[in-house]
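The values are calculated or read from the model by the stated rules, or taken from the named source; none is laboratory data. Since we're looking at a predicted model, the values are computed, not measured. Every residue, glycine among them, receives a Cβ derived from its backbone with ideal geometry; neighbour counts consider all protein chains shown. Side chains included, ligands, DNA and RNA excluded: accessible areas come from the protein's heavy atoms. Shrake-Rupley method; radii C 1.70, N 1.55, O 1.52, S 1.80 Å.
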Amino acid sequence: MFSFKNLFINNIVAENVRLLLIAFLLSCALWYSVVGSSQVEADISFHVEYTQLPENLMITKGMEDVLHVRVRSSGQRLRSILNNDYVYHVNLSNAVNGANVYPVEIDETFSDFKGMEILSASPSYIMIETDTVLEKRVPIEVEFSDRENEDLYIRDLDLSPSEVKLKGPKEVLEEVYSIKVPFDINQVEAAGEYTKNVPLSLPDLVEADIPVTRVSFEAWFDLVPVNLSRLVQLEKEAGSFRTEPRTVNIELEIPQSKFISYNIDPAYMAQVRVIVKNDKEYEVGQVLPVEVVLPKGANLLSVTPQSVTIIEKEQE
């Protein structure tokens, strides 16, 4: 049955729901307005790029890579820019030889962000030093390390190229008369011809038209021929065995430096040994090759005989 009382109550409930919804929307808007408009601070990094440097100049000191800027603004606006990449350009078109100072000016970069306050920039200015660009050709020289083997000598040294064109600061290049190529001579262990590409050792801020040079030379050792005989030693436990013949004759070359007052250094020559190796047990009648053990720097020319026979000691 229709009732005016029920209709009245339903209208009141509907009106209350509508008012609650409006109140909720207004409170959300107010909260967003308060939070979004609150002032917060943040750091923003700029990558620094240098442009329009005159061709006759080059930067020698003071290049900053990153600029740090402290700003204050609403949280909403800061959130919209914090993930962006920024570049600060330094126009060097008016740079002169020597020191140049450029104050850091960030305001124009942020002109589109209303209400943003620039608190500080670090550094507050950029100072660079420039020098006149100089080009010159200089010879290349090999700088050998100290020799560990005093009997090692070098001849027919050749560099290709033998000179190089350099480009760099005038103040630096005016004191450069040659470019050194470091070479470790102790890498050479045997006589013969050697060729190796070696990088140039350049001063700071200096460029070369060719970064490497080819070093070629012949290495030789001041060696003296020597003849001697040595007892043949069995490497394993010999037991009742020995070799026939007992000794072999050796012809070798040794460094000139091992001669002391025309006598051979006995400690050096004591390192010359003749041994017989065998993976199995020795047997009578075996014919095995001899192996000559040499000290460092010696060169074997010949050994006679080159093999020996295993016999029993009782047959002596």
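Odds and ends about this structure:
- Lone qualifier among Lys165, Lys196 - being modelled with pLDDT of 95 or more and either more than 23 Å from Val133 (Cα to Cα) or part of a strand (DSSP E or B) (or both): Lys165
- Test: residue in the range 199-218 that is in a strand (DSSP E or B), at pLDDT 85 or above and aromatic (Phe, Trp, Tyr): yes
- Residue in the range 257-268 that is nearest to Glu312 (Cα to Cα), counting only those that are out of contact with any helix residue (DSSP H, G or I) (no Cβ under 7 Å at 6 or more places or on another chain) and at pLDDT below 85: Asn263
- Candidates Gln271, Gln306, Gln233, filtered to the one that is touching a residue at least 12 places away in the same chain (Cβ under 8 Å), open to solvent by 60 Å² or more (accessible area, probe 1.4 Å) and closer than 29 Å to Arg147 by Cβ: Gln271
- Test: residue in the range 237-251 that is modelled with pLDDT under 90, open to solvent by 40 Å² or more (accessible area, probe 1.4 Å) and under 28 Å from Gly192 (Cα atoms): no
- Close pairs (6 angstrom Cβ cut-off, 6 or more residues apart or separate chains): closer than 20 Å to Lys180 by Cα and in contact (Cβ under 8 Å) with a residue 40 or more places away in the chain in the range 130-157, of a type in the set (S, T, N, Q) and loosely packed, with under 15 Cβ neighbours inside 10 Å anywhere: Val138/Ser178; Pro139/Ser178; Ile140/Ser162; Glu141/Ser178
- Residues in the range 151-197 that are farther than 28 Å from Asp222 by Cα and among the hydrophobic types (A, V, I, L, M, F, W, C): Val164, Leu166, Val172, Leu173, Val176, Ile179.
- Residue match in the range 126-146 (condition: open to solvent by 50 Å² or more (accessible area, probe 1.4 Å) and more than 30 Å from Asn197 (Cα to Cα)): yes
- Taken over the range 174-190, the residue count meeting the criterion of being open to solvent by less than 90 Å² (accessible area, probe 1.4 Å) and within 30 Å of Lys296 (Cα to Cα) is 8.
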